[in-house]
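Okay, structure first, notes after.
Rule-based calculations on the coordinates, nothing more; no lab input. Treat the numbers as computed from the prediction; the structure is a model and nothing was measured. FYI the Cβ positions are ideal-geometry reconstructions off the backbone, even for glycines, and counts take in every protein chain you see.
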Amino acid sequence: MELLRFATAGSVDDGKSTLIGRLLYDTKSIFEDQLESIERTSRDRGDEQTNLALLTDGLRAEREQGITIDVAYRYFATPKRKFIIADTPGHIQYTRNMVTGASTANLALILIDARQGIVEQSRRHAFIASLLRVPHLVLCVNKMDLVDYDETVFQRIRDEFRQFASKLDIGDLTFIPVSALLGDNVVHRSANMPWYDGSSLLHHLEQVHIASDRNLIDARFPVQYVIRPQHQTNRELHDYRGYAGVVAGGVFKPGDDVVVLPSGLATTIESIDTADGAVKEAFAPMSVTIRLGDDVDVSRGDMICRPHNQPRVTQDVEAMICWLADQPLQVRGMYAIKHTTRNVRGQVRELEYRIDINSLHRDETADTLSLNEIGRVTLRTTQPLFVDEYRRNRITGSFLLIEESTGATVGAGMIL
Amino acid sequence: MTAQTYELSHLQALEAESIHIIREVAAEFERPVLLFSGGKDSVVMLHLAAKAFTPARVPFPVMHIDTGHNFDEVLDFRDSTVERLGVRLVVASVEDSIAKGRVRERPDGVRNPLQTVTLLDAINDNGFDAVFGGARRDEEKARAKERVFSFRDEFGQWDPKNQRPELWSLYNGRHHKGEHIRVFPLSNWTELDVWQYLAAEEIDLPSIYFAHEREVFQRDGMWLSVGKHNSPREHEEVVTMTVRFRTVGDAPITGAVESTAATYDDIVAEVAATRMTERGATRADDRLTEAAMEDRKKEGYF
């Protein structure tokens, strides 16, 4: 059974909580005591209907204010797949939350109210999904029951969104007309929309092909940890030296010629070990331990790759940055940088432009980024990084900016 | 995994993610420790840690916060497991904290809330900078919002409104001296995942997780075990039933469920069909208020 992670974006009114509630309820993923608890709370608060948002709004402050503050993770499974939902709130800190949820998502689900059509927020969500390179985007046109299941309403929204999406880099775009409240096209195909010949939402989530979204071409192995048992009596274990980590791209096999960065030393893969025994090949996102043919000096932060397909080794990084902190970006400021298993420092040399995420307009006069703003920067790092374009590899193409005195994560970077 | 399509099953993907998290902590922290109670989640976590460093030993100790209200089977299991893996066991005892006057016994005798003081003292005294916990996001709604790397200030407090954003698989473990990071490698696992994994990996568990006959009595809608830490009140009738435990915590407040599931396959089938969450069914401590868990976590609880 495969795992699919998806992010949902939307605000209170577009029926997102109802849709998630419906998916969980219809797949029997809501438990009786949970349902009882939110029914009781809804009743106490005088809500007319059971408020399914209470399932995810777990924090006291969220319940008190009736808003969602933070990304919530929900889990459900069908016989075909296991799903992890990153439910990102729409109004407060929307960019920061959606960027977080989208960073690990295979698929993003955006809701549109059929009566309202495409609004500013829909464009914003689509832009963030494309910026974070979420491979699959699903646009659910919700509340179809309130427009008499009218095909022309759906078509108009679809056509308008397609036109907007053509300006973005979106791989796979799917449109589904639904009524989350009544369940049309959520789990089962709806008899109310015979004109729609696509899948129900759940069927689409179960079937969408995600295996080829990973990079299986560019072999990348950031060394995370060196395993040295240093066993006193067992000679074989005494000499064991394994490089543990997660495969970040491509496929590695024993016997492969490899190069270790930054030293550039060439060697071969002796064996790829796991606790369950050696494996014939390793690919993303497997956690494995690689042993090399020669006794070369390798440590955490080094990168194992193939001689004829190497990442860029550079101290100069061009990137899109999403700013995550209240304190704005300091141009010429020094930040700690976390990239794969490497920790370096870096200076933001220049802010080239700030992007208006509603109009996609580039403001080249901007001199800082505030919370939730996105812009293009040039960075100079104290040590070389081994990077790929984010569009080619989401692991070797992403990094965090960390404020050195507080340790806070202040920026999310995507390398161009 | 199938070689042609390069797919991982959900359990393989979860295992790979957890191993990544555990190795990241071993690489970036000076004094990590893994909380180990003998409960199923901590058993899975320790199993993953052992796999992460094979063929070397787990490079950090494990710690048990001992309420003194234990099931004997679980203590025996704890000791045999640490011996088998060759890891050092640190026991921090709530009874010691009571004897030293750090905390006072509650009138109801429940020691679960007292663990926080013992835990924070032990983290302080040992200078631990990273503490692995087996909590899962599907367990409880406050936990659903907690990061994999969860920052704690010098008082061990969690600030849910001021958490570091966590993106991709990049975990920020920065902290100053005296602060620490709680790390939850099982964040994305569900109860069913845990049982499926225990079954697939054939991992040993304390026997009380499997159906057995036991003397129990009903209190607050839960079946509590008659034992040295728990005696029925006058009107509470003792019956012998076939039960098992879904969670293992402080004995006086951990309820058993009626069950005949005696093997992993039975339990996986039972968990897949159950309509109650494990905490709702078996843990009195979470029933106090809507935000019981959040309040305890803010003070530094697991």
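Close amide H contacts of A:Asp256 (hydrogens built in the peptide plane, cut-off under 5 Å, sequence separation of 5 or more or a different chain): A:Ile269. Counting charges near A:Arg156 (Lys, Arg +1; Asp, Glu -1) among other residues having Cβ under 15 Å from its Cβ returns a value of -2.
Under a no-solvent Debye model with one identical scatterer per Cα of chain B, what's log10 I(q)/I(0) at q = 0.07 Å⁻¹? Summing over Cα pairs of chain B leads to -0.26. Over segment A:270-411, the hull volume per residue, using the convex hull of the C-alpha atoms, is 151 Å³.
Its relative contact order, with pairs defined as Cα atoms under 8 Å and 6+ residues apart, puts chain A at 11 percent. Evaluated on segment A:70-147, the Kirkwood hydrodynamic radius is 13.4 Å, with distances taken between all distinct Cα atoms. Mind listing the long-range amide H neighbours of A:Glu352? Cut-off is under 5 Å, sequence gap 5 or more, other chains count too, H placed in the peptide plane at 1.01 Å from N. Close amide H contacts, sequence-distant or interchain: A:Arg376, A:Val377, A:Thr378.
Kirkwood-based Rg over Rh for the protein assembly as shown (C-alpha set), two decimals?
Working: Rg = 25.8 Å, Rh = 26.9 Å.
Answer for the protein assembly as shown: 0.96.
Please label the shape of segment A:281-354 as rounded, prolate or oblate, based on the square roots a ≥ b ≥ c of the eigenvalues of the alpha-carbon gyration tensor (a/c under 1.5 means rounded; beyond that, a/b larger than b/c means prolate, else oblate). Judged from the Cα gyration tensor, segment A:281-354 comes out prolate (a/c at least 1.5, a/b above b/c). Counting only alpha carbon atoms, the long axis of helix A:120-131 and the longest principal axis of chain A meet at about 20°. Bridging of A:Lys280 to lysines at a Cα separation below 21 Å is possible for A:Lys253, B:Lys51, once same-chain residues fewer than 8 apart are set aside. Between the Cα long axis of helix A:151-165 and the first principal axis of chain A there is an angle of about 30°, rounded to the nearest 10.
Most mobile of A:Val288, A:Val138, A:Val279 per a Gaussian network model of chain A (Cα springs, under 10 Å)? Maximum fluctuation in the GNM of chain A, among the listed residues, is at A:Val279. Both radii are taken from the alpha-carbon atoms of segment A:61-210; with Rh as the Kirkwood radius, Rg/Rh is 0.95. For A:Arg345, the amide hydrogen comes within under 5 Å of the amide hydrogens of A:Ile337, A:Thr382, A:Gln383, counting only partners 5 or more places away or on other chains and with H modelled in the peptide plane. Each Lys and Arg Cβ is given +1 and each Asp and Glu Cβ -1; about its Cα centre, segment A:205-260 then shows a dipole of about 240 debye.
For B:Lys228, which lysines qualify as cross-link partners when the Cα separation must be under 19 Å and same-chain residues fewer than eight apart are set aside? Within the straight-line cut-off, B:Lys228 pairs with nothing.
Using the 10 angstrom Cβ neighbour count as an exposure proxy, how do B:Trp195, B:Trp223, A:Trp195 rank, fewest first? Spell out each step's value before the answer.
Values: B:Trp195 24, B:Trp223 19, A:Trp195 12.
In increasing order of surrounding Cβ atoms, one gets A:Trp195, B:Trp223, B:Trp195.
Need one number: convex hull volume per residue for segment B:221-269, Cα atoms only, in Å³. Display every interim value, and only then the final one.
Values: hull volume 4.4 nm³, N = 49.
Hull volume normalised by residue count: 89 Å³.
The mean number of Cβ atoms from other chains found within 10 Å of a Cβ in peptide A:281-290 is 5, as a whole number. Per-residue shielding of B:13-22, expressed as the average number of other chain Cβ atoms within 10 Å of the residue Cβ, stands at 5. Go ahead and set up a Gaussian network model of chain B, Cα springs under 10 Å, then flag whichever of B:Asp129, B:Asp250, B:Asp96 fluctuates most. Sorting by GNM fluctuation, first place goes to B:Asp96. Residues in segment A:19-36 carry Karplus couplings, in order, of 5, 5, x, 5, 4, 5, 5, 6, 9, 6, 9, 9, 8, 4, 5, 5, 5, 4 Hz; the curve used is 6.51 cos²θ - 1.76 cosθ + 1.60 with θ = phi - 60°, and Gly or Pro positions show x.
Footprinting exposure proxy ranking of A:Val348, A:Val119, A:Val187, fewest other C-beta atoms within 10 angstrom first, gives A:Val119, A:Val187, A:Val348.
Using a 10 Å cut-off on Cβ to Cβ distances, tally the other chain neighbours for every residue of A:28-38 and report the average as a whole number. Don't jump to the answer; show the numbers that get you there.
Details: counts 3, 2, 2, 9, 6, 9, 5, 1, 2, 5, 2.
If you average over the peptide's residues, the count of other-chain Cβ atoms is 4.
Against the longest principal axis of chain A, how steep is helix A:94-103, in degrees 0 to 90 to the nearest 10, with axes from Cα atoms? The angle comes out at about 50 degrees.
Look at where the Cα atoms of segment A:8-42 and of segment A:348-397 average out, and the two centres are 37 Å apart. Dipole check for the protein assembly as shown: with +1 at the C-beta of Lys and Arg, -1 at the C-beta of Asp and Glu, and the Cα centre as origin, the magnitude is about 1420 Debye.
One quarter of the surface of the convex hull around the alpha-carbon atoms of chain A equals 23.7 nm², the direction-averaged projected area. Between A:Glu364 and A:Arg312, the FRET efficiency from the beta-carbon distance, with R0 = 22 Å, is close to 0.30. For segment A:266-414, the residue among A:Ala266, A:Thr289, A:Gln330 whose Cα projects farthest onto the positive side of the dipole built from Cβ charges is A:Ala266. Each part reduced to its alpha carbon centroid, segment A:243-281 and segment B:167-204 end up 25 Å apart. Between segment B:120-136 and segment B:261-278, how far is it from one alpha carbon centroid to the other, in angstrom? Measuring centre to centre over Cα atoms gives 31 Å.
When chain B is treated as a GNM with alpha-carbon contacts under 10 Å, the residue of B:Ser18, B:Ser169, B:Ser231 showing the greatest mean-square fluctuation is B:Ser169. Taking label points 7 Å from Cα along the Cα-to-Cβ direction, A:Tyr353 and A:Ala191 give a separation of 5.3 nm.
When only alpha carbons of segment B:61-111 are considered, Rg and Dmax amount to 12.9, 39 Å. Expressed as a fraction of 2.2 N^0.38 Å, the C-alpha radius of gyration for segment B:158-302 is 1.26.
For segment B:99-179, state the semi-axes of the equivalent ellipsoid (square roots of 5 times the eigenvalues of the alpha-carbon gyration tensor), sorted largest first and rounded to whole angstrom.
Values: eigenvalues 138, 62, 20 Å².
Working through the eigenvalues yields semi-axes of 26, 18, 10 Å.
Along the axis of the charge dipole computed for segment B:65-186 (Cβ charges of +1 for Lys and Arg, -1 for Asp and Glu, origin at the Cα centre), the listed residues B:Leu89, B:Phe71, B:Pro185 are led at the positive end by B:Pro185. Given Cα positions, please report Rg to Rh for segment B:162-212, the hydrodynamic radius being the Kirkwood one. That ratio is 1.15, to two decimals. Given +1 at the Cβ of Lys and Arg, -1 at the Cβ of Asp and Glu and no other charges, the dipole of chain A around its Cα centre is 680 debye to the nearest 20.
Dipole of chain B computed with +1 at Lys/Arg Cβ and -1 at Asp/Glu Cβ about the Cα centre; of B:Ala26, B:Phe155, B:Ala256, farthest Cα towards the positive end is B:Phe155.
For segment A:128-205, the Kirkwood radius over C-alpha pairs fed into Stokes-Einstein at 37 °C and 0.692 mPa s yields D = 251 µm² per second.
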